[in-house]
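Have a look at the structure below before the remarks.
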Amino acid sequence: MKTVVITGGATGIGLAIAECFLSNRWQVMITSRNIDRLTQVIEELSKRYGDDLIDCFQADVSNEADVIGLQKKTNERFGKADVIVNNAGIAVWKHVHEMEVNDWDKIFNTNVRGSFLVSKAFLPEMMEAHRGAIVHISSVSGLCGDYGMTAYNASKAAIVNMTRSMALSYGKYGIRVNCVAPGPTNTSMFPQELKKVFSKNSPLERIVEPDEVAKAVFFMATDVSSAITGETIPVTAGFEISTGQPKMID
Ligand code: NAD
(Lines give C-alpha, C1' and ligand atoms only; values in the text may rest on other atoms or scores of the structure.)
Protein backbone atom coordinates (compact mmCIF):
# COMPACT_ATOMS: atom_id res chain seq x y z
CA MET A 1 0.00 0.00 0.00
CA LYS A 2 1.31 3.47 -0.87
CA THR A 3 1.65 6.47 1.44
CA VAL A 4 1.12 10.16 0.80
CA VAL A 5 1.93 13.06 3.13
CA ILE A 6 -0.21 16.16 2.65
CA THR A 7 0.61 19.44 4.40
CA GLY A 8 -2.31 21.70 5.28
CA GLY A 9 -4.49 18.63 4.77
CA ALA A 10 -7.26 19.50 7.22
CA THR A 11 -9.04 22.12 5.11
CA GLY A 12 -9.87 23.22 1.56
CA ILE A 13 -7.71 21.90 -1.26
CA GLY A 14 -5.53 19.81 1.11
CA LEU A 15 -8.59 18.02 2.49
CA ALA A 16 -9.88 17.35 -1.04
CA ILE A 17 -6.45 15.90 -1.92
CA ALA A 18 -6.60 13.67 1.17
CA GLU A 19 -10.05 12.40 0.16
CA CYS A 20 -8.90 11.73 -3.40
CA PHE A 21 -6.00 9.54 -2.21
CA LEU A 22 -8.15 7.84 0.45
CA SER A 23 -10.79 6.90 -2.10
CA ASN A 24 -7.98 5.30 -4.12
CA ARG A 25 -6.97 3.30 -0.99
CA TRP A 26 -3.71 5.14 -0.23
CA GLN A 27 -2.41 5.59 3.33
CA VAL A 28 -2.68 9.30 4.10
CA MET A 29 -0.78 11.39 6.66
CA ILE A 30 -2.16 14.90 7.00
CA THR A 31 -0.59 17.75 8.88
CA SER A 32 -1.80 21.10 10.13
CA ARG A 33 -1.08 23.51 12.99
CA ASN A 34 -4.57 23.29 14.45
CA ILE A 35 -4.89 20.11 16.54
CA ASP A 36 -8.66 20.53 17.17
CA ARG A 37 -9.37 20.78 13.45
CA LEU A 38 -7.02 17.84 12.76
CA THR A 39 -8.75 15.65 15.36
CA GLN A 40 -12.18 16.49 13.97
CA VAL A 41 -11.13 15.79 10.37
CA ILE A 42 -9.43 12.51 11.27
CA GLU A 43 -12.60 11.38 13.04
CA GLU A 44 -14.75 12.21 10.00
CA LEU A 45 -12.37 10.65 7.47
CA SER A 46 -11.87 7.50 9.60
CA LYS A 47 -15.65 6.93 9.63
CA ARG A 48 -15.77 7.13 5.84
CA TYR A 49 -12.53 5.39 4.82
CA GLY A 50 -11.49 3.35 7.92
CA ASP A 51 -8.93 4.34 10.55
CA ASP A 52 -6.19 2.11 9.11
CA LEU A 53 -5.64 4.52 6.17
CA ILE A 54 -5.48 7.93 7.85
CA ASP A 55 -3.38 9.61 10.52
CA CYS A 56 -2.31 13.14 11.40
CA PHE A 57 0.54 15.08 12.94
CA GLN A 58 0.43 18.62 14.31
CA ALA A 59 3.18 20.61 12.59
CA ASP A 60 4.05 24.09 11.47
CA VAL A 61 5.74 23.50 8.10
CA SER A 62 8.08 26.44 8.65
CA ASN A 63 9.48 24.80 11.82
CA GLU A 64 12.28 22.31 11.11
CA ALA A 65 11.78 20.29 14.33
CA ASP A 66 8.04 19.89 13.59
CA VAL A 67 8.80 18.70 10.05
CA ILE A 68 11.37 16.16 11.28
CA GLY A 69 8.70 14.95 13.74
CA LEU A 70 6.26 14.60 10.83
CA GLN A 71 8.72 12.44 8.90
CA LYS A 72 9.36 10.20 11.94
CA LYS A 73 5.66 9.81 12.71
CA THR A 74 4.92 8.95 9.05
CA ASN A 75 7.66 6.28 9.05
CA GLU A 76 6.42 4.78 12.35
CA ARG A 77 2.80 4.67 11.27
CA PHE A 78 2.96 3.88 7.54
CA GLY A 79 6.61 3.28 6.58
CA LYS A 80 8.39 5.30 3.90
CA ALA A 81 6.46 8.00 2.07
CA ASP A 82 5.86 7.52 -1.65
CA VAL A 83 4.43 10.97 -2.33
CA ILE A 84 4.68 14.39 -0.67
CA VAL A 85 2.16 17.12 -1.40
CA ASN A 86 3.37 20.56 -0.29
CA ASN A 87 -0.02 22.23 -0.05
CA ALA A 88 0.14 24.39 3.14
CA GLY A 89 0.09 28.04 2.17
CA ILE A 90 -1.07 31.49 3.16
CA ALA A 91 -1.89 34.70 1.27
CA VAL A 92 -1.81 38.37 2.25
CA TRP A 93 -3.11 41.32 0.24
CA LYS A 94 -0.74 44.27 0.92
CA HIS A 95 1.24 46.67 -1.24
CA VAL A 96 4.99 46.50 -0.72
CA HIS A 97 5.36 49.93 0.94
CA GLU A 98 2.59 49.06 3.42
CA MET A 99 3.68 45.52 4.21
CA GLU A 100 5.26 44.62 7.55
CA VAL A 101 8.53 42.72 7.21
CA ASN A 102 7.00 40.06 9.46
CA ASP A 103 4.13 39.49 7.02
CA TRP A 104 6.57 39.12 4.12
CA ASP A 105 8.63 36.62 6.14
CA LYS A 106 5.54 34.69 7.24
CA ILE A 107 4.45 34.18 3.63
CA PHE A 108 7.88 33.04 2.48
CA ASN A 109 8.39 30.90 5.60
CA THR A 110 5.15 29.02 4.99
CA ASN A 111 4.97 28.87 1.20
CA VAL A 112 8.66 28.47 0.28
CA ARG A 113 10.64 27.47 3.39
CA GLY A 114 7.86 25.01 4.34
CA SER A 115 7.99 23.29 0.94
CA PHE A 116 11.79 23.18 1.21
CA LEU A 117 11.82 21.73 4.75
CA VAL A 118 9.24 19.03 4.02
CA SER A 119 11.01 18.05 0.79
CA LYS A 120 14.38 17.98 2.61
CA ALA A 121 12.99 15.72 5.35
CA PHE A 122 11.48 13.11 3.01
CA LEU A 123 13.94 13.15 0.07
CA PRO A 124 16.58 10.86 1.66
CA GLU A 125 14.11 7.96 2.04
CA MET A 126 12.83 8.49 -1.50
CA MET A 127 16.42 8.57 -2.83
CA GLU A 128 17.16 5.34 -0.98
CA ALA A 129 14.03 3.70 -2.38
CA HIS A 130 14.88 5.10 -5.82
CA ARG A 131 11.30 6.21 -6.37
CA GLY A 132 8.84 8.86 -5.28
CA ALA A 133 6.95 11.93 -6.35
CA ILE A 134 6.71 15.42 -4.91
CA VAL A 135 3.84 17.69 -5.87
CA HIS A 136 4.10 21.35 -4.91
CA ILE A 137 1.03 23.57 -4.87
CA SER A 138 1.73 26.93 -6.46
CA SER A 139 -1.05 29.12 -7.86
CA VAL A 140 -2.11 30.99 -10.96
CA SER A 141 -0.58 33.81 -8.90
CA GLY A 142 2.80 32.15 -9.40
CA LEU A 143 2.37 32.42 -13.18
CA CYS A 144 0.95 35.96 -13.45
CA GLY A 145 0.87 39.04 -11.22
CA ASP A 146 -2.00 40.25 -9.01
CA TYR A 147 -2.78 43.73 -7.74
CA GLY A 148 -1.51 44.10 -4.17
CA MET A 149 -0.19 40.54 -3.81
CA THR A 150 3.56 40.93 -4.39
CA ALA A 151 4.67 38.64 -1.56
CA TYR A 152 2.23 35.88 -2.52
CA ASN A 153 3.06 36.25 -6.25
CA ALA A 154 6.79 36.06 -5.55
CA SER A 155 6.46 33.06 -3.19
CA LYS A 156 4.26 31.09 -5.58
CA ALA A 157 6.57 31.88 -8.54
CA ALA A 158 9.46 30.58 -6.42
CA ILE A 159 7.59 27.27 -6.10
CA VAL A 160 7.31 26.96 -9.90
CA ASN A 161 11.07 27.28 -10.38
CA MET A 162 11.85 25.19 -7.29
CA THR A 163 9.86 22.46 -9.06
CA ARG A 164 12.08 22.62 -12.16
CA SER A 165 15.31 22.73 -10.19
CA MET A 166 14.34 19.85 -7.90
CA ALA A 167 13.20 17.78 -10.91
CA LEU A 168 16.67 18.27 -12.42
CA SER A 169 18.43 17.22 -9.21
CA TYR A 170 16.35 14.16 -8.30
CA GLY A 171 15.44 12.61 -11.67
CA LYS A 172 18.46 10.32 -11.41
CA TYR A 173 16.97 8.88 -8.20
CA GLY A 174 13.69 8.05 -9.95
CA ILE A 175 11.94 10.92 -8.17
CA ARG A 176 9.58 13.16 -10.12
CA VAL A 177 8.85 16.70 -8.93
CA ASN A 178 5.84 18.53 -10.32
CA CYS A 179 3.56 21.39 -9.45
CA VAL A 180 -0.14 22.19 -9.63
CA ALA A 181 -1.19 25.83 -9.97
CA PRO A 182 -4.82 26.31 -8.96
CA GLY A 183 -6.81 29.31 -10.09
CA PRO A 184 -9.46 30.85 -7.82
CA THR A 185 -10.75 27.85 -5.88
CA ASN A 186 -13.83 27.51 -3.71
CA THR A 187 -12.21 27.30 -0.22
CA SER A 188 -12.14 29.56 2.83
CA MET A 189 -8.98 31.23 1.42
CA PHE A 190 -11.07 32.52 -1.49
CA PRO A 191 -13.17 35.65 -0.74
CA GLN A 192 -16.70 34.24 -1.35
CA GLU A 193 -18.19 37.67 -2.13
CA LEU A 194 -15.92 37.82 -5.21
CA LYS A 195 -17.06 34.51 -6.70
CA LYS A 196 -19.22 36.16 -9.40
CA VAL A 197 -16.54 38.68 -10.42
CA PHE A 198 -13.87 36.00 -10.72
CA SER A 199 -16.23 33.69 -12.64
CA LYS A 200 -16.58 36.37 -15.35
CA ASN A 201 -12.86 35.96 -16.16
CA SER A 202 -13.19 32.22 -16.80
CA PRO A 203 -14.28 30.87 -20.19
CA LEU A 204 -16.14 28.24 -18.16
CA GLU A 205 -17.81 31.10 -16.25
CA ARG A 206 -16.99 29.67 -12.82
CA ILE A 207 -14.23 29.21 -10.28
CA VAL A 208 -12.49 25.89 -9.50
CA GLU A 209 -13.73 23.29 -6.98
CA PRO A 210 -11.14 21.78 -4.57
CA ASP A 211 -11.71 18.21 -5.85
CA GLU A 212 -10.73 19.36 -9.37
CA VAL A 213 -7.34 20.46 -8.02
CA ALA A 214 -7.08 17.18 -6.11
CA LYS A 215 -7.54 15.12 -9.29
CA ALA A 216 -4.66 16.98 -10.99
CA VAL A 217 -2.47 16.37 -7.92
CA PHE A 218 -3.34 12.66 -7.98
CA PHE A 219 -2.44 12.56 -11.70
CA MET A 220 0.94 14.23 -11.04
CA ALA A 221 1.63 11.93 -8.07
CA THR A 222 0.95 8.59 -9.72
CA ASP A 223 2.42 6.56 -12.57
CA VAL A 224 -0.21 7.84 -15.03
CA SER A 225 2.14 10.83 -15.37
CA SER A 226 5.36 8.75 -15.34
CA ALA A 227 7.10 10.83 -18.07
CA ILE A 228 6.19 14.20 -16.58
CA THR A 229 8.64 16.01 -14.31
CA GLY A 230 9.53 19.62 -13.57
CA GLU A 231 6.18 20.81 -14.94
CA THR A 232 3.43 23.01 -13.61
CA ILE A 233 -0.19 22.27 -14.53
CA PRO A 234 -2.60 25.19 -14.22
CA VAL A 235 -6.03 24.12 -12.90
CA THR A 236 -7.76 27.45 -13.33
CA ALA A 237 -11.00 27.06 -15.32
CA GLY A 238 -9.04 29.03 -17.96
CA PHE A 239 -8.82 32.08 -15.68
CA GLU A 240 -5.37 33.24 -16.92
CA ILE A 241 -5.47 32.33 -20.63
CA SER A 242 -6.78 35.58 -22.10
CA THR A 243 -4.72 38.53 -23.39
CA GLY A 244 -7.45 40.72 -21.92
CA GLN A 245 -8.77 41.70 -25.38
CA PRO A 246 -12.50 42.45 -25.01
CA LYS A 247 -15.05 40.43 -27.04
CA MET A 248 -14.99 41.95 -30.58
CA ILE A 249 -17.88 39.78 -31.85
CA ASP A 250 -20.78 37.96 -30.16
P1 NAD B 1 -6.85 26.86 3.20
O2 NAD B 1 -6.60 28.08 4.02
O3 NAD B 1 -8.09 26.08 3.43
O4 NAD B 1 -5.63 25.84 3.29
C5 NAD B 1 -4.34 26.18 3.67
C6 NAD B 1 -3.92 25.18 4.72
O7 NAD B 1 -2.54 25.40 5.04
C8 NAD B 1 -4.72 25.32 6.02
O9 NAD B 1 -5.13 24.04 6.44
C10 NAD B 1 -3.72 25.92 7.00
O11 NAD B 1 -3.95 25.52 8.32
C12 NAD B 1 -2.42 25.32 6.45
N13 NAD B 1 -1.25 26.09 6.87
C14 NAD B 1 -1.02 27.41 6.71
N15 NAD B 1 0.16 27.75 7.24
C16 NAD B 1 0.70 26.59 7.75
C17 NAD B 1 1.91 26.28 8.43
N18 NAD B 1 2.82 27.22 8.72
N19 NAD B 1 2.12 25.00 8.78
C20 NAD B 1 1.20 24.05 8.51
N21 NAD B 1 0.05 24.28 7.86
C22 NAD B 1 -0.20 25.54 7.50
O23 NAD B 1 -6.78 27.35 1.68
P24 NAD B 1 -6.72 26.51 0.33
O25 NAD B 1 -7.41 27.34 -0.65
O26 NAD B 1 -7.14 25.11 0.54
O27 NAD B 1 -5.15 26.57 0.01
C28 NAD B 1 -4.34 25.43 -0.20
C29 NAD B 1 -3.18 25.79 -1.11
O30 NAD B 1 -3.70 26.16 -2.40
C31 NAD B 1 -2.35 26.98 -0.63
O32 NAD B 1 -0.99 26.73 -0.88
C33 NAD B 1 -2.85 28.12 -1.49
O34 NAD B 1 -1.87 29.12 -1.66
C35 NAD B 1 -3.14 27.40 -2.79
N36 NAD B 1 -4.07 28.10 -3.67
C37 NAD B 1 -5.34 28.40 -3.27
C38 NAD B 1 -6.19 29.08 -4.14
C39 NAD B 1 -7.62 29.44 -3.79
O40 NAD B 1 -8.24 30.25 -4.51
N41 NAD B 1 -8.20 28.87 -2.75
C42 NAD B 1 -5.73 29.44 -5.41
C43 NAD B 1 -4.44 29.11 -5.78
C44 NAD B 1 -3.60 28.44 -4.89
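The values are calculated or read from the model by the stated rules, or taken from the named source; none is laboratory data. Model, not experiment: these values are computed from the prediction. Cβ: placed from backbone, ideal geometry, glycine included. Neighbour counts: every protein chain shown.
Structural remarks
- Elements of type helices (runs of 4 or more DSSP H) in region 121-223, at least 3 residues being on the phi < 0 side of the Ramachandran plot and within 12 Å of the ligand (Cβ to nearest atom): 150-170, 210-221
- Within region 1-27, residues that are of a type in the set (D, E, K, R) have Cβ atoms under 6 Å from residues that are at pLDDT 95 or above and in a loop (DSSP other than H, G, I, E, B) in these pairs: 2/26; 2/82, counting only partners at least 6 apart in sequence or on another chain.
- For region 224-234, a residue qualifies if it is within 14 Å of the ligand (Cβ to nearest atom) and either polar (S, T, N, Q) or surrounded by fewer than 17 Cβ atoms within 10 Å (Cβ to Cβ) (or both), and exactly one does: 232.
- Extreme residue, farthest from residue 5 (Cα to Cα), among residues of region 33-56 that are loosely packed, with under 13 Cβ neighbours inside 10 Å and within 12 Å of the ligand (Cβ to nearest atom): 36
- Breaking point among (1) aliphatic (A, V, I, L, M); (2) touching a helix residue (DSSP H, G or I) at 6+ places or on another chain (Cβ under 9 Å); (3) in a helix (DSSP H, G or I), for residue 29: (3)
- Residue, nearest to residue 115 (Cα to Cα), within region 1-32, restricted to residues that are within 14 Å of the ligand (Cβ to nearest atom) and among the hydroxyl-bearing types (Ser, Thr, Tyr): 7
- Looking across region 67-102, not a single residue is without any contact (Cβ under 8 Å) to a residue 12 or more places away in the chain and either at positive phi or surrounded by 14 or more Cβ atoms within 10 Å (Cβ to Cβ) (or both).
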